[in-house]
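These notes concern the structure reproduced below.
Bear in mind that the values in this text are calculations on the coordinates, not laboratory data. These numbers were taken from a predicted model, which means no experiment stands behind them. With ideal geometry, Cβ positions are generated from the backbone for all residues, glycine too; neighbour counts draw on all protein chains shown.
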Amino acid sequence: VRLAELQEVEVEKMVANHRKPCTACKSEQEAIAFCDQCSSDLCENCTTAHTVMNLFRGHTVTTFSDLRSRGSQPESRQVICSTHNQRMNFLCAACETAACKQCLEIDHLNHKIIDINELVVNAIKEDVTNTVDRVERKYNSSVAEMNSLPDKCQFLNEQYEMAKYRVEKHYDELRNALEDSRQKMVSELEEARIRQEGNIDDMYRKAQVNEARVHDAINFTKRLLAKGNGLELVVSRKKIIQQLGNLSHAIPSNGHQVELEFSTPSKKQIEHFVNQLTGSVIGRMIQPTVKGIGANANVNANVNTNGIVDHGMIGGGAGAGNPSMKGRLNPNSQQDGMSKNWGKLEICSRIEKSIFRSKI
């Protein structure tokens, strides 16, 4: 295809400049033809010389009129092998490349070979057309997506403003919640202080009452011991011992401690709670699923239907002409690299399917 395009460009250039003088001689006569080997524009005399002289044997001379008619009829153009200067009439399915007869005998031994005929050309044209259509659809979708990027930027800015508003609102709510919690905690602290003060006052009053009673009982007992007689002591003993025992039990124990503090979580706990309360920022690019444009298909190596010719082993190998050996590789060939192409010749499968559909 590339060669054909280049050839059409050359035709246009030559036809447009066909009034140029001959570049093969000094006559400056109008050129009427072109020599591929000399790369020169030829006048009528030089064209005749190229035809009759042995010096120019093998040169390809094409008149401008032939170039003009050939350019308007693409089916009449031939593709020539640049290596062997022969027509390329075959397709190697393993290499997926066109080849001439001499190429088959040198570069494509043991490969799957297909004769290029109208059915094959139409099948390949359909395959290439489908691929181009898929790529074009994907390209058009990509262009539409690209054209919508400014709108996406505007939508992104709108999302940013909305998210920023939600952040400010959320943190205002957190600050209000923290302030409410602080006031509640201060109130609880004040209530705890009042309760503790009440406990301390109760302990103080009870201690004062017990102090007076114990002081009076001790003074009475001491006076009895100092001034009473033995009979009075014996009579009062039981009552005194009982009263002193009761007062001893009523005396509060020493060593009471008062505690009032505020317990705070650790820094790690605070960070964990803050992360749970403050939320998180989510920014991502969601990429759509893209299907491949290539088509994969499996086909048996020995394809021989509907105009697709299985040439078997080219070059008279060990299995040439032997049906039982058709489709097998020469033991001396690169079996590891080529055997994968025998079971999965995608081009053969696509050509067969296209030919089958065209016949239906």
Packing rank of 38-48, 132-142, where each peptide gets the mean count of other beta carbons within 10 Å, highest leading: 38-48, 132-142
Highest-first arrangement of 165-175, 89-99, where packing means the average Cβ count within 10 Å: 89-99, 165-175
Inter-part distance where the stretch 206-223 and the stretch 142-192 are each reduced to a Cα centre, Å: 70 Å
13 Å beta-carbon shell around GLY279, net charge (K/R +1, D/E -1): +1
Estimated FRET transfer efficiency (ARG175, GLU271; beta-carbon r; R0 22 Å; 0.05): 0.75
